[in-house]
């Protein structure tokens, strides 16, 4: 089963670009609104001032959230994905032991999966969470840069 | 988004705080500058004495529909810094100047104040009328706002005023209003 695909990289990139385009459109709408309020304000400008302050705070807060969380996370994911896809693949058999929950590497959240590979326990990370892996089942694992790319069941024997 | 936004608020609180503070400060400044009264919408009064009650600024601005603001600058004639402030403020940017008679007499009015058409009891220097004496009724009524001394007071209009014939005639109207002021 394919966990990471080449096309995911271009999908992530287009998702990021789309998100940025939405942000730019919002910024333009925000700018138009505040300029309109500013230049059409009357001498008794208190309501216009309050309106502009609220709009600016709203857009400013969204910008901080956007660049520190949403856009930033997507950019980090894209970079990590790029690194994974360009790494040398390694194929080996491993017995699935358990999930060790989420781990964060360089700002990207993975599910840490524990396998027994050639007698040693080894953690392999997965971008996708909740993969349908069965405990004790042996899989042929293909990983790149420590990230699971594909897996398939070797046989049904429990160890 | 709610949980992630709350987490972001905790982690990046300084950035959110800076955004909030800048929003308020920059817009307040921008609106203040944009709507600041133009020179022809305000009258600047220089009073040689102490101002008791600044509510006069609102009272005076309310008396003229064309004015948005009246500002009073003052300096105590007995203070060491008076001469400096008098020259700096009264002759540069003030529209109406209220002086004790002794200060007016000590000023070479020809260089600083406008010659005026006689209207009421005028203050003369070298035979030229440069100001109007504040009548005792007006002085008494204005005493609620200004700390007048025993002396007589003169209302003059500096030559540098843009509201004395350059942009408007508001300074003359204001002088007339002051001289006729009887309502405390």
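Computed from the coordinates by the stated procedures, all read-outs in this text should not be read as laboratory data. Quick caveat: nothing in here was measured; it's all calculated off a predicted structure. Neighbour counts run over all protein chains shown; Cβ positions are idealised from the backbone, glycine included.
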Handout entry: Two-decimal Rg/Rh across the protein assembly as shown, once Rg and the Kirkwood Rh are taken from alpha-carbon atoms
Key = 1.42
Completion exercise
Expected sort for A:110-116, B:95-101, B:14-20 on mean C-beta neighbours within 10 Å, highest first, is B:95-101, A:110-116, B:14-20
Handout entry: Pairwise centroid distance, computed over Cα atoms, of the stretch A:28-90 with the stretch A:1-17, Å
Key = 24
Problem - Distant alpha-carbon pairs in the stretch B:56-101 (separation over 14 angstrom), percent - result: 56
Problem - Gyration tensor (alpha-carbon) shape descriptor, chain A, a/c threshold 1.5 - result: prolate
Problem - Spacing of the two label points (7 Å from each Cα toward its C-beta) at residue A:46 and residue A:71, in nm - result: 3.7
Completion exercise
Expressed in angstrom, Rg and Dmax over the Cα atoms of the stretch A:89-155 are 11.0, 36
Problem - Cα gyration tensor of the stretch A:6-86 - equivalent ellipsoid semi-axes, whole Å, descending - result: 38, 12, 5
Completion exercise
One computes Rg over Rh for the stretch B:127-184 from alpha-carbon atoms, with the Kirkwood Rh, and obtains 1.01
Problem - Gaussian network model of chain A, springs between alpha carbon atoms under 10 Å - residue of A:130, A:146, A:107 with greatest fluctuation - result: A:130
Exercise for the section: Using only Cα atoms, tell me the angle between helix A:71-86 and the longest principal axis of chain A; keep it within 0 to 90° and round to the nearest 10. Expected result: 30
Handout entry: Semi-axis lengths, Å, the stretch B:39-179, gyration tensor of Cα atoms, sqrt of 5 times eigenvalues
Key = 19, 18, 15
Practice task
Would you please give the FRET efficiency between residue B:124 and residue B:55, computed as 1/(1 + (r/R0)^6) with r the Cβ-Cβ distance and R0 = 35 Å, to the nearest 0.05?
Solution key: 0.55
Completion exercise
With label points set 7 Å from each Cα along the Cα-to-Cβ direction at residue B:169 and residue B:147, the distance between them in nm comes to 3.7
Handout entry: Cβ-Cβ FRET estimate between residue A:1 and residue B:26, R0 fixed at 51 Å, reported to 0.05
Key = 0.40
Completion exercise
the stretch A:90-154: relative contact order from alpha carbon pairs under 8 Å, six or more residues apart, as a whole percent, is 34
Handout entry: Expected 222 nm ellipticity per residue - DSSP helices of 4 or more, -39500 (n - 2.57), all of the protein assembly as shown, to 500
Key = -13000 deg cm²/dmol
Exercise for the section: Please work out the FRET efficiency for the pair residue B:9 and residue B:39, using the Cβ-Cβ distance as r and a Förster radius of 41 Å; give the result to the nearest 0.05. Expected result: 0.35
Handout entry: Residue of B:136, B:65, B:28 that the Gaussian network model of chain B assigns the largest fluctuation, springs spanning Cα pairs under 10 Å
Key = B:28
Exercise for the section: Please give the helix A:6-39 orientation as an angle from the longest Cα principal axis of chain A, in degrees from 0 to 90, rounded to the nearest 10. Expected result: 10
Handout entry: Estimated inter-spin distance, residue A:121 and residue A:99, nm [label 7 Å along Cα→Cβ]
Key = 1.8
Exercise for the section: Compute the label zone of residue A:131 within the stretch A:1-44: residues whose backbone N is under 12 Å from the point 7 Å along Cα-to-Cβ. Expected result: A:1-5
Practice task
Averaging sequence separations of C-alpha pairs under 8 Å and six or more residues apart, then dividing by the length of chain B, give the relative contact order as a whole percent.
Solution key: 23
Completion exercise
By the C-alpha gyration tensor axes a ≥ b ≥ c (rounded if a/c is under 1.5, else prolate when a/b exceeds b/c, else oblate), the shape of the stretch A:47-100 is oblate
Fill in the blank from the handout: The alpha-carbon center of the stretch B:67-106 and that of the stretch B:117-149 are separated, in whole Å, by 15
